[in-house]
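**Q** Below you'll find the structure I mean.
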Amino acid sequence: MAELDASKEGFWRTRYSIIAMCFAATFVCYIDRVNISVAIIPMAQDYGWNLETQGYILSSFYIGYLMMQIGGGRLADTYGGKIVLGMGVLIWSLFTLITPLAAMGGLMMLYLARIGMGLGEAVTFPSVYSLVTRWFPAGETAKAIAFNASAIPIGTVFALVVTPIIVTYLGWEWAFYLFGLVGVLWFAAWQYIVSTRPKDHPRISAAELDFIQSNARISEVAEDQATPPILEFLKSKAVWAILIAHFCNNWTLYVILSWLPKYVNEGLGVPFGDIGYIAMLPHITSFLCLNVAGNIADRMIVSGMSITKVRKIMQTIAFGGLAICLFLVTTVDTVWAAIGILCLGKLFGAAGIGGFNVNHMDVAPRHAGTLMGITNTAGTVPGIVGVAVTGLILEYTGSWDLVFQVTAGVTLFGMVFYLLFASGEKEFD
């Protein structure tokens, strides 16, 4: 692997600016996605929504998110992550801004606004994967994806802490107005800083461009190759391993994103004004541990360990540890014990960033955006089913223990399937 002389070039690289802007996009994505998990509490009081209706509102976002995953991946691989992600942010920001107006128009209007927001956000991760594959060599992939993914908990924490403040002093409508405007500001910076391919960037140094091209996952010839049909991807056991792991991982992710504020408020008895400060702790743990886990996974690969072995080890730690913690949280009934166990679960779960999360770029480097779109389609189903099922469980049983037990069972299934069928070998180019 060719090296870049840091003494001549300095520390900062153009590719760091690319991933920093991807991080910012993911941050905006999650503050806009999560704010309704807090705002829905006063919204439900204003409009008289029961828990089942709240579950449908929260899950409707994922209908749009599901519909555009594969299309977003193909668009990013074909036309470039810069264009596709830029348009996606503008679209979801618009629908964030009009959410209060949609709520006034009735449930159907609100459902449509949430679906439209989901359509915009759907292109986020396929576009990021398409960009990272072109800008980062294999020995930096997990770190780059881990850094981008760490925007998820940071954006979540920001929304959990700031949304109650905005709601308290300005009203819940302003949580959507203010957060929606952030995406517009991001778009202006994105146009100036980012290019889809390193060779097209006007400010990249010759040394860094040579380093990236010498260690690229994708050759110049492969850049022009057509993406295989979806059915070709689905013939691969390795693809199915990523797909199932993505589904099981996101069941936990979306249930916690959507229902943790409610659990903290009603399940643990924390007052509304303190929800954000308590609910943010598992997400802060995730932020800290994701970047550590990404570095560990890359170091294991650079040291000579096979990519397949690294992916399976990291994913087993992630799913095995998380499942145990989800079962344990049902055995305690105090705020700090429950939150402490959930934080421990996030610590283990972060290891998955070196497992299935970057496996797309091993299996299909040229088509990583498309493959991410395929597996994230499966990963979006829990946003609809898991979030809605959780609402039904709570409506008809009132049992938070059952919610965590079901989630743990799904996680264990994902661990076993990934261990049996995952691979780090390239199958598509």
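**Q** Which one of these does Cys29 not meet: (1) touching a residue at least 60 places away in the same chain (Cβ under 8 Å); (2) touching a Leu at 6+ places or on another chain (Cβ under 7 Å); (3) of a type outside the set (S, T, N, Q)?
**A** Every listed condition holds for Cys29 apart from (2).
**Q** If you go through segment 297-305 one residue at a time, do you hit one that is among the basic types (Lys, Arg) and modelled with pLDDT of 90 or more?
**A** Yes, that holds for at least one residue.
Residue by residue, here is whether (1) under 19 Å from Asn50 (Cα atoms); (2) at pLDDT below 85; (3) polar (S, T, N, Q) holds:
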{"site": "Val264", "(1), (2), (3)": "yes, yes, no"}
{"site": "Gly267", "(1), (2), (3)": "yes, yes, no"}
{"site": "Val270", "(1), (2), (3)": "no, yes, no"}
{"site": "Pro282", "(1), (2), (3)": "no, no, no"}
{"site": "Asn291", "(1), (2), (3)": "no, no, yes"}
{"site": "Asn295", "(1), (2), (3)": "no, no, yes"}
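Each row is one residue, and each column tells you yes or no for (1) free of Cβ contacts under 8 Å to residues at least 40 places away in the same chain; (2) among the β-branched types (Val, Ile, Thr); (3) under 21 Å from Ala159 (Cβ atoms); (4) not in a helix (DSSP H, G or I).
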| site | (1), (2), (3), (4) |
| --- | --- |
| Tyr16 | yes, no, no, no |
| Pro42 | no, no, yes, no |
| Leu58 | no, no, yes, no |
| Arg74 | no, no, no, no |
| Leu90 | no, no, yes, no |
| Ala102 | yes, no, yes, no |
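**Q** Let me ask you something else. Is one or more of the residues making up segment 324-332 touching a residue at least 12 places away in the same chain (Cβ under 8 Å) and among the aromatic types (Phe, Trp, Tyr)?
**A** Within segment 324-332 (the criterion being touching a residue at least 12 places away in the same chain (Cβ under 8 Å) and among the aromatic types (Phe, Trp, Tyr)), the answer is yes, since at least one residue qualifies.
**Q** Which of (1) touching a helix residue (DSSP H, G or I) at 6+ places or on another chain (Cβ under 8 Å); (2) within 17 Å of Thr227 (Cβ to Cβ); (3) surrounded by fewer than 24 Cβ atoms within 10 Å (Cβ to Cβ) does Val84 not meet, given it meets every other one?
**A** (3)
**Q** Among the residues of segment 158-206, count how many are hydroxyl-bearing (Ser, Thr, Tyr) and under 30 Å from Ile40 (Cβ atoms).
**A** Summing the residues that are hydroxyl-bearing (Ser, Thr, Tyr) and under 30 Å from Ile40 (Cβ atoms) in segment 158-206 gives 4.
**Q** Let me ask something additional. Could you tell me whether Met43 is within 24 Å of Trp174 (Cβ to Cβ) and crowded, with 17+ Cβ neighbours inside 10 Å?
**A** So Met43 passes the test.
**Q** Something else about it: Determine whether Ala378 is hydrophobic (A, V, I, L, M, F, W, C), crowded, with 18+ Cβ neighbours inside 10 Å and within 19 Å of the chain's Cα centre (by Cα).
**A** When the stated conditions are applied, Ala378 passes them.
**Q** Just to be sure, is Thr156 in contact with a helix residue (DSSP H, G or I) (Cβ under 7 Å, 6 or more places away or on another chain), within 16 Å of Val38 (Cβ to Cβ) and either touching a residue at least 40 places away in the same chain (Cβ under 8 Å) or not in a helix (DSSP H, G or I) (or both)?
**A** Here the answer is yes, as Thr156 does meet what is asked.
**Q** Separate question: How many residues does segment 107-124 hold that are surrounded by fewer than 21 Cβ atoms within 10 Å (Cβ to Cβ) and polar (S, T, N, Q)?
**A** Selection size over segment 107-124: 0.
**Q** Please work out which residue is surrounded by the most Cβ atoms within 10 Å (Cβ to Cβ), limiting yourself to segment 360-375 and to residues that are under 15 Å from the mean Cα position of the chain (by Cα) and of a type outside the set (A, V, I, L, M, F, W, C).
**A** My answer is Gly369.
**Q** Might you check whether a residue that is of a type in the set (Val, Ile, Thr), closer than 13 Å to Leu257 by Cα and in a helix (DSSP H, G or I) occurs anywhere in segment 28-35?
**A** yes
**Q** Assess whether Phe11 counts as being farther than 15 Å from Ala388 by Cβ, outside any helix (DSSP H, G or I) and either among the aromatic types (Phe, Trp, Tyr) or modelled with pLDDT of 90 or more (or both).
**A** Yes, satisfied.
**Q** Just name the residue that is farthest from the chain's Cα centre (by Cα) out of those in segment 292-314 that are in a helix (DSSP H, G or I) and of a type in the set (S, T, N, Q).
**A** The selected residue is Thr308.
**Q** If you don't mind, there's one more thing I want to ask. Just one of (1) over 30 Å from Asn295 (Cβ atoms); (2) surrounded by fewer than 24 Cβ atoms within 10 Å (Cβ to Cβ) trips up Trp172, so point out which.
**A** (2) is the only condition that Trp172 fails.
**Q** Give the residues of segment 267-314 that are surrounded by fewer than 21 Cβ atoms within 10 Å (Cβ to Cβ), within 23 Å of Lys143 (Cα to Cα) and of a type outside the set (A, V, I, L, M, F, W, C), sorted by residue number.
**A** Asn291, Asn295, Arg299, Ser303, Gly304, Ser306, Thr308, Lys309
The values are calculated or read from the model by the stated rules, or taken from the named source; none is laboratory data. This is a predicted model, so every value here is computed, not measured. Here Cβ is always computed from backbone atoms with ideal geometry, including for glycine, and neighbour counts include all displayed protein chains.
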